[in-house]
Amino acid sequence: MSRRRKRQHDLNLVSDINVTSLVDVMMTLLIIFIIVAPMLEQGINVTLPTAEPARIDVADVLTITVSENERVYLEGQRVSIEELEERLSSIHTARDDVAVLVKADTELRYGVVIEVLDTVRGVGITRLAMATKPAQ
């Protein structure tokens, strides 16, 4: 009997958790998430709502046209960006409820249209619309 008790005392209890397999599983999951996460963002399908265009009273609207050769026209008269800013500023001080309709060619560089929109917004005109064709 004494021999058996001696063997039990020689055995020490191990209270540590073996985390080697846990680390392997976590690394595998991390790699899977790194690979799959970019794919999930590209596959989002969204159905956008449709809307009827609002009618604008034509008498209260200034028309700015930007042609495909990047020329800017205010009410049919060719102007530079600086002249556009001056004229819009004087019109806005006279009538603060003025609205602007921007007609831009589809082949234009994006930056040209943004420059015109920034000029309109910089003057303080907040009623701004972009002319588009109705969807068919």
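Please go through the range 95-124 and pick out each residue that is among the hydrophobic types (A, V, I, L, M, F, W, C), over 23 Å from the mean Cα position of the chain (by Cα) and part of a loop (DSSP other than H, G, I, E, B). Give the steps one after another, and end with the answer.
Residues of the range 95-124 among the hydrophobic types (A, V, I, L, M, F, W, C): 98-102, 104, 108, 112-114, 116-117, 120, 123.
Keeping just the survivors that are over 23 Å from the mean Cα position of the chain (by Cα) gives 98-100, 123.
Matches in the range 95-124: 98 only.
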Among residues of the range 62-85, those that are under 14 Å from residue 119 (Cα atoms) and assigned to a loop (DSSP other than H, G, I, E, B), counted:
1
What number of residues within the range 79-117 are of a type outside the set (Asp, Glu), surrounded by 12 or more Cβ atoms within 10 Å (Cβ to Cβ) and either touching a strand residue (DSSP E or B) at 6+ places or on another chain (Cβ under 9 Å) or over 17 Å from residue 129 (Cβ atoms) (or both)?
19
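Every number here is computed from the coordinates shown, using simple stated rules; none is lab data. Remember, it's a predicted structure, so these values are computed and weren't measured experimentally. Reconstructed Cβ throughout: ideal geometry from the backbone, glycine too, with neighbour counts over all protein chains shown.
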